[in-house]
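Here the structure is laid out as structure tokens; the discussion comes afterwards.
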Amino acid sequence: DMTRTVAVGYVSDEMTAVYGTVLRAQRSALKTLKPGADCAAADAAAREIISKAGFGEFFSHGAGHGVGLEIHEAPSLSPASKETLSEGDTVTVEPGIYIPGRFGVRIEDMAVITDTGHENLTRSLKELIIL
């Protein structure tokens, strides 16, 4: 489960700034992933960056979810989550900013929790793709 954002043609300064905000938010959330980590804290790490940049109202979902037999399952990286991460959990980290009627940006990676932290399973580059 992964997402990259692709722009066609012109990319405004605002779009570039939003992309950078989402990328910083994702990197911040990824840094929290380790056994025993609070799932709500992973969401908060991403949400704080997006909110401080002035886009909090446009981040309308949790920062990630578990992946296993189902594409969306526990644990949930969301503000209300009471779960903690365990070694072997596989989760996505997918913050996004979606400005209605204009554009949206999401960067999603999948990571497995290891005994020492996590391994990012997504190998795709994270630069904004412009066609």
Query - Residue under evaluation Ser60, criteria (1) surrounded by 14 or more Cβ atoms within 10 Å (Cβ to Cβ); (2) closer than 21 Å to Arg106 by Cα, criterion not met - result: (1)
Report summary line: Exactly one of Gly20, Gly54 is on the phi > 0 side of the Ramachandran plot and either modelled with pLDDT of 95 or more or buried (at least 19 other Cβ atoms within 10 Å of the Cβ) (or both), and that residue is Gly54
Query raised in the report: Is at least one residue of the stretch 101-111 within 23 Å of Thr5 (Cβ to Cβ), of a type outside the set (Phe, Trp, Tyr), assigned to a loop (DSSP other than H, G, I, E, B) and out of contact with any Lys or Arg (no Cβ under 9 Å at 6 or more places or on another chain)?
Result: yes
Query raised in the report: How about the stretch 28-39: which of its residues are buried (at least 16 other Cβ atoms within 10 Å of the Cβ) and assigned to a helix (DSSP H, G or I)?
Result: Ser28, Ala29, Leu30, Cys39
Report task. Give the number of residues within the stretch 1-27 that are closer than 14 Å to Pro95 by Cα, assigned to a loop (DSSP other than H, G, I, E, B) and in contact with a Leu (Cβ under 7 Å, 6 or more places away or on another chain). Result -> 1
Query raised in the report: Would you pick out the residues in the stretch 92-131 that are on the phi > 0 side of the Ramachandran plot and without any contact (Cβ under 8 Å) to a residue 12 or more places away in the chain?
Result: Gly101
Query raised in the report: Which numbered condition trips up Glu14, out of (1) among the acidic types (Asp, Glu); (2) at pLDDT 95 or above; (3) closer than 19 Å to His61 by Cα?
Result: (3)
**Report entry** Count - residues of the stretch 40-91 that are assigned to a helix (DSSP H, G or I), in contact (Cβ under 8 Å) with a residue 24 or more places away in the chain and of a type in the set (Gly, Ala, Ser)
**Finding:** 4
Report summary line: Exception for Pro95 within (1) surrounded by fewer than 20 Cβ atoms within 10 Å (Cβ to Cβ); (2) under 23 Å from Ile129 (Cβ atoms); (3) touching a helix residue (DSSP H, G or I) at 6+ places or on another chain (Cβ under 8 Å) falls at (1)
**Report entry** Thr122 at pLDDT 95 or above, surrounded by fewer than 16 Cβ atoms within 10 Å (Cβ to Cβ) and among the hydroxyl-bearing types (Ser, Thr, Tyr)
**Finding:** no
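The values are calculated or read from the model by the stated rules, or taken from the named source; none is laboratory data. In this text the structure is predicted, and so the values were computed from the model without any measurement. Note that each Cβ is placed from the backbone with ideal geometry, even for glycine, and that neighbours are counted across all protein chains shown.
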